[in-house]
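No value in this document is a laboratory result; all are computed from the given coordinates. These numbers come from a predicted model, not from an experiment. Every residue, glycine as well, gets a Cβ built from its backbone with ideal geometry; the counts of neighbours run over all protein chains shown.
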Amino acid sequence: MKRYMLSIYQPDGDPPPPEVLQNVMRDIDALIGEVKAAGAWVFNGGLYPPSRATVLRLQDGDVLSTDGPFAESKEHIGGFFIISAPDLDSALEWARRAARATTLPIEVRPFQD
């Protein structure tokens with residue numbers, strides 16, 4: 001089985017109102033249960049907004065640390081799933097289900113062997 005990362009992209013800004021977010025979280029929790037029941041779950045998690053990031057980069061032989069995101073953008077990774085699937089088509093099916101649950105874009109990337 002190969003491993004895949006399903007990245008959930010969300011727009012910058014305030015989260016949706018509680019009545020919307022509550023339904024999304026319910027659907028995500030249900031999806032996590034389905035992934036676990038199918039034996040495809042490896043790990044999943046949500047991330048704090050990019051403003052909570054710390055970026056380290058090499059510059060002139062020193063590693064510099066700065067607060068905030070690496071790059072300014074209109075969307076960022078808000079969470080992810082690491083799954084185990086027999087092939088890309090199976091991973092894409094989980095991603096379709098994640099897109100329905102989150103109502104957000106999902107990027108699927110295989111891990112290198």
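Overview of values
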{"item": "Selected from D89, D14, D27 as most flexible by GNM, with the chain as the system and alpha-carbon contacts under 10 Å", "result": "D14"}
{"item": "Relative contact order for the chain, counting Cα pairs under 8 Å that sit 6 or more residues apart, in percent", "result": "49"}
{"item": "Proximal charge balance of V108 [Cβ under 13 Å; K/R count +1, D/E count -1]", "result": "+1"}
{"item": "Exposure proxy ranking, count of Cβ atoms within 10 Å, fewest first, for W94, W41", "result": "W41, W94"}
{"item": "Segment D89-D67, extension gain: residue separation times 0.36 nm, minus the distance between their alpha carbons", "result": "4.1 nm"}
{"item": "Paramagnetic reach from A30 (point 7 Å along Cα→Cβ, amide N under 15 Å) across segment 69-110", "result": "97-103"}
{"item": "Order of Y48, Y9, Y4 - criterion: other Cβ atoms within 10 Å of each residue's Cβ, fewest first", "result": "Y48, Y9, Y4"}
{"item": "Listed values (i) 1.22; (ii) 1.43; (iii) 1.05, entry calculated as Cα Rg over 2.2 N^0.38 Å", "result": "(i)"}
